[in-house]
1. In the list A:51, A:21, which residue meets the criterion of being out of contact with any Gly (no Cβ under 8 Å at 6 or more places or on another chain) and free of Cβ contacts under 8 Å to residues at least 24 places away in the same chain?
2. Just checking, which of A:24, A:49, A:65 is surrounded by 21 or more Cβ atoms within 10 Å (Cβ to Cβ) and touching a Lys or Arg at 6+ places or on another chain (Cβ under 6 Å)?
3. For the stretch B:156-170, state whether one or more residues are more than 20 Å from residue A:22 (Cβ to Cβ), touching a Phe, Trp or Tyr at 6+ places or on another chain (Cβ under 9 Å), in contact (Cβ under 8 Å) with a residue 60 or more places away in the chain and surrounded by 21 or more Cβ atoms within 10 Å (Cβ to Cβ).
4. Of all residues in the stretch B:83-115, count the ones that are more than 7 Å from chain A (Cβ to nearest Cβ), part of a helix (DSSP H, G or I) and of a type outside the set (S, T, N, Q).
5. Taking only the stretch B:43-82 into account, find how many residues are among the polar types (S, T, N, Q) and more than 9 Å from chain A (Cβ to nearest Cβ).
6. Out of A:71, A:3, I need the residue that is among the β-branched types (Val, Ile, Thr), more than 7 Å from chain B (Cβ to nearest Cβ), out of contact with any strand residue (DSSP E or B) (no Cβ under 6 Å at 6 or more places or on another chain) and crowded, with 21+ Cβ neighbours inside 10 Å. Which one?
7. Can you name the number of the only condition in (1) more than 7 Å from chain B (Cβ to nearest Cβ); (2) surrounded by 16 or more Cβ atoms within 10 Å (Cβ to Cβ) that residue A:95 fails?
8. Determine, yes or no, whether residue B:140 is buried (at least 17 other Cβ atoms within 10 Å of the Cβ) and out of contact with any helix residue (DSSP H, G or I) (no Cβ under 6 Å at 6 or more places or on another chain).
Amino acid sequence: MNTTVIGIIVGMAAVTYIPRLLPGLLFTRSGVPEWVEKWLQNVPYAALGALIFPGIIQGEKPIAGMAGGLTAVVLGLLELHLVLVMALAIFVAFTVSYFL
Amino acid sequence: MHEKHILRQFLTGARTGLPVAVGYVPIAVAFGTLATRASLSPQETVLMSALVFAGASQFMAVSMILSGVGGLQIVIATLFINLRHFVMSMAVHHSLQKTSLAWRGLLSFGVTDETFALLTLQDAGEQTRHTHVFAAGLIGMAYMGWVAGTAIGSLGAQVIPPAIGDAMTIGLYAMFIGLLMPHVRRSRRIAFIAVVSMILNTALSAVMSAGWAIVLSTVLGASLGLLGGASEA
(Lines give C-alpha, C1' and ligand atoms only; values in the text may rest on other atoms or scores of the structure.)
Protein backbone atom coordinates (compact mmCIF):
# COMPACT_ATOMS: atom_id res chain seq x y z
CA MET A 1 0.00 0.00 0.00
CA ASN A 2 1.11 3.53 -0.81
CA THR A 3 2.00 5.52 2.36
CA THR A 4 0.78 8.85 0.94
CA VAL A 5 -2.63 7.33 0.20
CA ILE A 6 -2.77 5.73 3.66
CA GLY A 7 -1.91 9.10 5.18
CA ILE A 8 -4.73 10.77 3.25
CA ILE A 9 -7.20 8.07 4.32
CA VAL A 10 -6.23 8.32 8.01
CA GLY A 11 -6.42 12.13 7.88
CA MET A 12 -9.85 11.97 6.22
CA ALA A 13 -11.01 9.46 8.85
CA ALA A 14 -9.93 11.77 11.69
CA VAL A 15 -11.55 14.96 10.36
CA THR A 16 -14.75 13.06 9.55
CA TYR A 17 -15.03 11.37 12.96
CA ILE A 18 -14.36 14.45 15.12
CA PRO A 19 -17.49 16.43 14.07
CA ARG A 20 -19.54 13.26 14.55
CA LEU A 21 -18.18 12.75 18.08
CA LEU A 22 -18.06 16.33 19.44
CA PRO A 23 -21.81 16.84 20.03
CA GLY A 24 -21.68 13.79 22.31
CA LEU A 25 -19.59 15.74 24.77
CA LEU A 26 -22.27 18.46 24.86
CA PHE A 27 -25.19 16.18 25.72
CA THR A 28 -24.80 14.63 29.10
CA ARG A 29 -27.44 12.87 31.17
CA SER A 30 -28.34 16.19 32.77
CA GLY A 31 -30.32 17.13 29.64
CA VAL A 32 -30.69 20.41 27.78
CA PRO A 33 -32.98 23.47 28.09
CA GLU A 34 -36.48 23.08 26.67
CA TRP A 35 -35.97 25.36 23.65
CA VAL A 36 -32.82 23.41 22.65
CA GLU A 37 -34.84 20.22 22.96
CA LYS A 38 -37.49 21.64 20.60
CA TRP A 39 -34.85 22.91 18.21
CA LEU A 40 -33.18 19.49 18.08
CA GLN A 41 -36.52 17.87 17.31
CA ASN A 42 -36.81 20.18 14.29
CA VAL A 43 -33.32 19.36 12.98
CA PRO A 44 -34.22 16.10 11.16
CA TYR A 45 -37.03 17.72 9.18
CA ALA A 46 -34.92 20.73 8.27
CA ALA A 47 -31.95 18.54 7.31
CA LEU A 48 -34.09 16.25 5.15
CA GLY A 49 -35.64 19.22 3.36
CA ALA A 50 -32.16 20.53 2.56
CA LEU A 51 -30.78 17.10 1.62
CA ILE A 52 -33.64 16.47 -0.83
CA PHE A 53 -33.84 19.78 -2.64
CA PRO A 54 -32.36 20.96 -4.95
CA GLY A 55 -29.99 17.94 -5.02
CA ILE A 56 -32.65 15.63 -6.45
CA ILE A 57 -32.94 17.64 -9.68
CA GLN A 58 -29.20 18.24 -10.08
CA GLY A 59 -28.33 14.88 -11.58
CA GLU A 60 -27.65 14.31 -15.25
CA LYS A 61 -31.37 14.26 -16.08
CA PRO A 62 -33.34 16.62 -13.82
CA ILE A 63 -36.65 15.37 -15.23
CA ALA A 64 -35.84 11.82 -14.13
CA GLY A 65 -35.01 13.04 -10.62
CA MET A 66 -38.26 14.99 -10.56
CA ALA A 67 -40.31 11.97 -11.68
CA GLY A 68 -38.64 9.69 -9.12
CA GLY A 69 -39.13 12.33 -6.44
CA LEU A 70 -42.84 12.79 -7.17
CA THR A 71 -43.30 9.01 -7.09
CA ALA A 72 -41.66 8.95 -3.66
CA VAL A 73 -43.89 11.82 -2.44
CA VAL A 74 -47.07 9.95 -3.37
CA LEU A 75 -45.90 6.57 -2.04
CA GLY A 76 -44.49 8.24 1.09
CA LEU A 77 -47.88 9.84 1.79
CA LEU A 78 -49.40 6.36 1.47
CA GLU A 79 -46.81 5.26 4.05
CA LEU A 80 -45.52 2.29 2.06
CA HIS A 81 -42.39 0.49 3.24
CA LEU A 82 -39.23 2.47 2.52
CA VAL A 83 -37.64 -0.23 0.37
CA LEU A 84 -40.77 -0.30 -1.81
CA VAL A 85 -40.80 3.51 -2.09
CA MET A 86 -37.15 3.40 -3.18
CA ALA A 87 -37.61 0.58 -5.68
CA LEU A 88 -40.59 2.18 -7.41
CA ALA A 89 -38.97 5.63 -7.47
CA ILE A 90 -35.85 4.14 -9.08
CA PHE A 91 -38.02 2.28 -11.60
CA VAL A 92 -39.92 5.46 -12.57
CA ALA A 93 -36.72 7.53 -12.78
CA PHE A 94 -35.07 4.90 -15.00
CA THR A 95 -38.11 4.64 -17.24
CA VAL A 96 -38.34 8.41 -17.65
CA SER A 97 -34.63 8.81 -18.35
CA TYR A 98 -34.80 5.99 -20.89
CA PHE A 99 -37.63 7.54 -22.90
CA LEU A 100 -36.82 11.25 -22.54
CA MET B 1 -31.46 -6.24 29.97
CA HIS B 2 -32.31 -9.82 29.06
CA GLU B 3 -30.11 -11.35 26.36
CA LYS B 4 -32.96 -12.30 24.06
CA HIS B 5 -34.30 -8.80 24.39
CA ILE B 6 -30.94 -7.36 23.33
CA LEU B 7 -30.75 -9.61 20.28
CA ARG B 8 -34.27 -8.64 19.26
CA GLN B 9 -33.43 -4.94 19.51
CA PHE B 10 -30.30 -5.45 17.44
CA LEU B 11 -32.24 -7.28 14.74
CA THR B 12 -34.97 -4.62 14.74
CA GLY B 13 -32.24 -2.05 14.22
CA ALA B 14 -30.70 -4.08 11.40
CA ARG B 15 -34.09 -4.45 9.71
CA THR B 16 -34.76 -0.72 10.07
CA GLY B 17 -31.35 -0.02 8.52
CA LEU B 18 -32.01 -2.24 5.51
CA PRO B 19 -33.21 0.60 3.21
CA VAL B 20 -29.93 2.44 3.82
CA ALA B 21 -27.88 -0.67 3.05
CA VAL B 22 -29.93 -1.29 -0.11
CA GLY B 23 -29.41 2.32 -1.16
CA TYR B 24 -25.70 2.27 -0.34
CA VAL B 25 -24.69 -0.87 -2.23
CA PRO B 26 -24.92 0.47 -5.82
CA ILE B 27 -23.29 3.76 -4.84
CA ALA B 28 -20.52 1.94 -2.96
CA VAL B 29 -20.01 -0.36 -5.96
CA ALA B 30 -19.61 2.74 -8.14
CA PHE B 31 -17.17 4.24 -5.63
CA GLY B 32 -15.12 1.04 -5.49
CA THR B 33 -15.00 0.88 -9.27
CA LEU B 34 -13.96 4.52 -9.69
CA ALA B 35 -11.37 4.48 -6.91
CA THR B 36 -9.70 1.33 -8.16
CA ARG B 37 -9.70 2.60 -11.75
CA ALA B 38 -8.17 5.83 -10.40
CA SER B 39 -5.08 3.92 -9.22
CA LEU B 40 -6.00 3.06 -5.61
CA SER B 41 -5.36 -0.58 -4.74
CA PRO B 42 -8.41 -2.65 -3.71
CA GLN B 43 -7.06 -2.67 -0.12
CA GLU B 44 -6.76 1.13 -0.06
CA THR B 45 -10.21 1.51 -1.59
CA VAL B 46 -11.88 -0.70 1.01
CA LEU B 47 -9.84 0.87 3.81
CA MET B 48 -11.15 4.31 2.85
CA SER B 49 -14.76 3.14 3.03
CA ALA B 50 -14.13 1.30 6.30
CA LEU B 51 -12.43 4.23 8.06
CA VAL B 52 -14.14 7.29 6.56
CA PHE B 53 -17.70 6.01 5.88
CA ALA B 54 -18.85 9.24 4.21
CA GLY B 55 -19.71 8.87 0.53
CA ALA B 56 -19.56 12.37 -0.93
CA SER B 57 -16.14 13.11 0.56
CA GLN B 58 -14.77 9.77 -0.66
CA PHE B 59 -15.82 10.45 -4.26
CA MET B 60 -14.28 13.91 -3.97
CA ALA B 61 -11.02 12.54 -2.52
CA VAL B 62 -10.63 10.06 -5.37
CA SER B 63 -11.11 12.74 -8.01
CA MET B 64 -8.64 14.99 -6.17
CA ILE B 65 -6.06 12.19 -5.93
CA LEU B 66 -6.57 11.60 -9.64
CA SER B 67 -5.89 15.24 -10.50
CA GLY B 68 -2.77 15.27 -8.32
CA VAL B 69 -4.04 17.53 -5.51
CA GLY B 70 -1.96 17.47 -2.29
CA GLY B 71 -2.94 15.32 0.69
CA LEU B 72 -3.44 18.22 3.10
CA GLN B 73 -5.89 19.92 0.74
CA ILE B 74 -7.85 16.69 0.41
CA VAL B 75 -8.08 16.32 4.19
CA ILE B 76 -9.19 19.95 4.64
CA ALA B 77 -11.81 19.63 1.91
CA THR B 78 -13.05 16.44 3.61
CA LEU B 79 -13.39 18.29 6.92
CA PHE B 80 -15.59 20.94 5.32
CA ILE B 81 -17.76 18.51 3.37
CA ASN B 82 -18.39 16.41 6.48
CA LEU B 83 -18.91 19.24 8.97
CA ARG B 84 -22.65 18.94 8.29
CA HIS B 85 -22.58 15.75 10.33
CA PHE B 86 -21.91 17.92 13.39
CA VAL B 87 -25.47 19.27 13.33
CA MET B 88 -26.96 15.86 12.52
CA SER B 89 -24.89 14.21 15.22
CA MET B 90 -26.32 16.65 17.78
CA ALA B 91 -29.77 15.21 17.15
CA VAL B 92 -28.49 11.61 17.24
CA HIS B 93 -26.56 12.08 20.49
CA HIS B 94 -29.58 13.80 21.97
CA SER B 95 -31.90 10.92 21.07
CA LEU B 96 -29.40 8.52 22.67
CA GLN B 97 -28.83 10.65 25.77
CA LYS B 98 -29.58 7.79 28.16
CA THR B 99 -26.65 5.86 26.66
CA SER B 100 -23.11 6.00 28.07
CA LEU B 101 -20.61 8.33 26.44
CA ALA B 102 -18.41 5.36 25.46
CA TRP B 103 -21.26 3.79 23.46
CA ARG B 104 -22.24 7.09 21.89
CA GLY B 105 -18.60 7.68 20.98
CA LEU B 106 -18.56 4.41 19.12
CA LEU B 107 -21.97 4.85 17.49
CA SER B 108 -21.30 8.42 16.38
CA PHE B 109 -18.72 7.03 13.92
CA GLY B 110 -21.73 5.73 12.00
CA VAL B 111 -23.62 9.02 11.66
CA THR B 112 -24.24 9.72 7.97
CA ASP B 113 -27.02 11.70 6.23
CA GLU B 114 -28.97 8.47 5.89
CA THR B 115 -28.40 6.76 9.26
CA PHE B 116 -29.12 10.09 10.96
CA ALA B 117 -32.43 10.35 9.09
CA LEU B 118 -33.50 6.83 10.09
CA LEU B 119 -32.24 7.06 13.68
CA THR B 120 -34.13 10.27 14.35
CA LEU B 121 -37.30 9.71 12.31
CA GLN B 122 -38.09 6.05 11.72
CA ASP B 123 -40.63 4.80 14.20
CA ALA B 124 -39.57 1.41 15.49
CA GLY B 125 -41.79 1.42 18.56
CA GLU B 126 -41.10 3.27 21.79
CA GLN B 127 -39.49 0.24 23.46
CA THR B 128 -36.71 -0.14 20.96
CA ARG B 129 -36.22 3.39 19.77
CA HIS B 130 -33.35 5.37 21.22
CA THR B 131 -31.48 2.37 22.61
CA HIS B 132 -27.84 1.91 21.69
CA VAL B 133 -28.44 -1.72 20.69
CA PHE B 134 -31.08 -0.67 18.15
CA ALA B 135 -28.74 2.05 16.84
CA ALA B 136 -25.86 -0.44 16.62
CA GLY B 137 -27.99 -2.81 14.50
CA LEU B 138 -29.10 0.00 12.19
CA ILE B 139 -25.63 1.49 11.76
CA GLY B 140 -24.02 -1.96 11.45
CA MET B 141 -26.37 -2.81 8.59
CA ALA B 142 -25.66 0.45 6.74
CA TYR B 143 -21.90 0.11 7.32
CA MET B 144 -21.89 -3.44 6.00
CA GLY B 145 -23.68 -2.31 2.83
CA TRP B 146 -21.17 0.47 2.28
CA VAL B 147 -18.01 -1.57 2.89
CA ALA B 148 -19.21 -4.72 1.10
CA GLY B 149 -20.41 -2.67 -1.88
CA THR B 150 -17.02 -0.96 -2.06
CA ALA B 151 -15.25 -4.32 -2.07
CA ILE B 152 -17.50 -5.66 -4.85
CA GLY B 153 -16.93 -2.54 -6.96
CA SER B 154 -13.20 -2.58 -6.38
CA LEU B 155 -12.77 -6.24 -7.28
CA GLY B 156 -15.03 -5.92 -10.31
CA ALA B 157 -13.51 -2.62 -11.43
CA GLN B 158 -12.64 -3.92 -14.88
CA VAL B 159 -16.16 -5.08 -15.73
CA ILE B 160 -18.57 -2.75 -13.86
CA PRO B 161 -19.57 0.56 -15.52
CA PRO B 162 -19.20 3.33 -12.86
CA ALA B 163 -22.32 5.09 -14.20
CA ILE B 164 -24.64 2.75 -12.29
CA GLY B 165 -24.09 4.71 -9.07
CA ASP B 166 -25.14 7.94 -10.72
CA ALA B 167 -28.52 6.60 -11.66
CA MET B 168 -29.01 4.91 -8.31
CA THR B 169 -28.62 8.02 -6.12
CA ILE B 170 -32.32 8.60 -6.79
CA GLY B 171 -32.88 5.66 -4.41
CA LEU B 172 -31.47 7.53 -1.42
CA TYR B 173 -33.41 10.66 -2.31
CA ALA B 174 -36.53 8.50 -2.45
CA MET B 175 -35.65 7.15 0.99
CA PHE B 176 -35.38 10.68 2.39
CA ILE B 177 -38.75 11.59 0.87
CA GLY B 178 -40.36 8.36 2.04
CA LEU B 179 -39.15 9.07 5.59
CA LEU B 180 -40.33 12.66 5.54
CA MET B 181 -43.81 12.40 4.00
CA PRO B 182 -45.64 10.56 6.82
CA HIS B 183 -44.47 13.28 9.24
CA VAL B 184 -45.41 16.05 6.82
CA ARG B 185 -48.89 14.57 6.58
CA ARG B 186 -49.38 14.69 10.33
CA SER B 187 -47.99 18.12 11.13
CA ARG B 188 -48.21 21.42 9.34
CA ARG B 189 -45.27 22.69 11.38
CA ILE B 190 -43.07 19.88 10.03
CA ALA B 191 -44.20 20.58 6.47
CA PHE B 192 -43.34 24.25 7.03
CA ILE B 193 -39.85 23.40 8.33
CA ALA B 194 -39.07 21.04 5.42
CA VAL B 195 -40.30 23.46 2.73
CA VAL B 196 -38.49 26.44 4.27
CA SER B 197 -35.25 24.42 4.36
CA MET B 198 -35.67 23.43 0.72
CA ILE B 199 -36.12 27.07 -0.29
CA LEU B 200 -33.20 28.19 1.89
CA ASN B 201 -30.95 25.48 0.50
CA THR B 202 -31.86 26.35 -3.09
CA ALA B 203 -30.99 30.00 -2.48
CA LEU B 204 -27.87 29.35 -0.39
CA SER B 205 -26.37 26.70 -2.66
CA ALA B 206 -26.25 29.33 -5.41
CA VAL B 207 -23.80 31.39 -3.37
CA MET B 208 -21.80 28.80 -1.36
CA SER B 209 -20.67 25.17 -1.44
CA ALA B 210 -23.33 22.47 -1.16
CA GLY B 211 -22.02 21.34 2.22
CA TRP B 212 -22.26 24.77 3.84
CA ALA B 213 -25.64 25.43 2.27
CA ILE B 214 -27.01 22.25 3.90
CA VAL B 215 -25.56 23.19 7.30
CA LEU B 216 -26.99 26.72 7.20
CA SER B 217 -30.38 25.64 5.83
CA THR B 218 -30.70 23.01 8.56
CA VAL B 219 -29.80 25.42 11.36
CA LEU B 220 -32.03 28.21 10.02
CA GLY B 221 -34.92 25.91 9.10
CA ALA B 222 -34.94 24.26 12.53
CA SER B 223 -34.81 27.70 14.17
CA LEU B 224 -37.66 29.13 12.08
CA GLY B 225 -39.66 26.06 13.07
CA LEU B 226 -39.51 27.24 16.69
CA LEU B 227 -41.55 30.32 15.78
CA GLY B 228 -44.56 28.22 14.80
CA GLY B 229 -44.14 25.90 17.78
CA ALA B 230 -47.44 26.90 19.42
CA SER B 231 -49.57 25.61 16.54
CA GLU B 232 -48.38 22.00 16.80
CA ALA B 233 -50.77 19.66 15.02
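The values are calculated or read from the model by the stated rules, or taken from the named source; none is laboratory data. Keep in mind the model is a prediction, meaning the values are calculated, not measured. Here the Cβ positions follow ideal geometry from the backbone for every residue, glycine too, while neighbour counts run over all protein chains shown.
1. Details: A:21 fails: out of contact with any Gly (no Cβ under 8 Å at 6 or more places or on another chain).
Going through A:51, A:21 in turn, just one is out of contact with any Gly (no Cβ under 8 Å at 6 or more places or on another chain) and free of Cβ contacts under 8 Å to residues at least 24 places away in the same chain: A:51.
2. Numbers: A:49 fails: touching a Lys or Arg at 6+ places or on another chain (Cβ under 6 Å); A:65 fails: touching a Lys or Arg at 6+ places or on another chain (Cβ under 6 Å).
Within the list A:24, A:49, A:65, the selection yields A:24.
3. Yes, the stretch B:156-170 has at least one match.
4. 8
5. First, pick out the residues of the stretch B:43-82 that are among the polar types (S, T, N, Q): B:43, B:45, B:49, B:57-58, B:63, B:67, B:73, B:78, B:82.
Checking which are more than 9 Å from chain A (Cβ to nearest Cβ) leaves us with B:45, B:49, B:63, B:67, B:73.
Here the count works out to 5.
6. Details: A:3 fails: crowded, with 21+ Cβ neighbours inside 10 Å.
Result of the check over A:71, A:3: A:71.
7. Against the list (1) more than 7 Å from chain B (Cβ to nearest Cβ); (2) surrounded by 16 or more Cβ atoms within 10 Å (Cβ to Cβ), residue A:95 comes up short only on (2).
8. Numbers: buried (at least 17 other Cβ atoms within 10 Å of the Cβ): yes; out of contact with any helix residue (DSSP H, G or I) (no Cβ under 6 Å at 6 or more places or on another chain): yes.
Criteria met by residue B:140.
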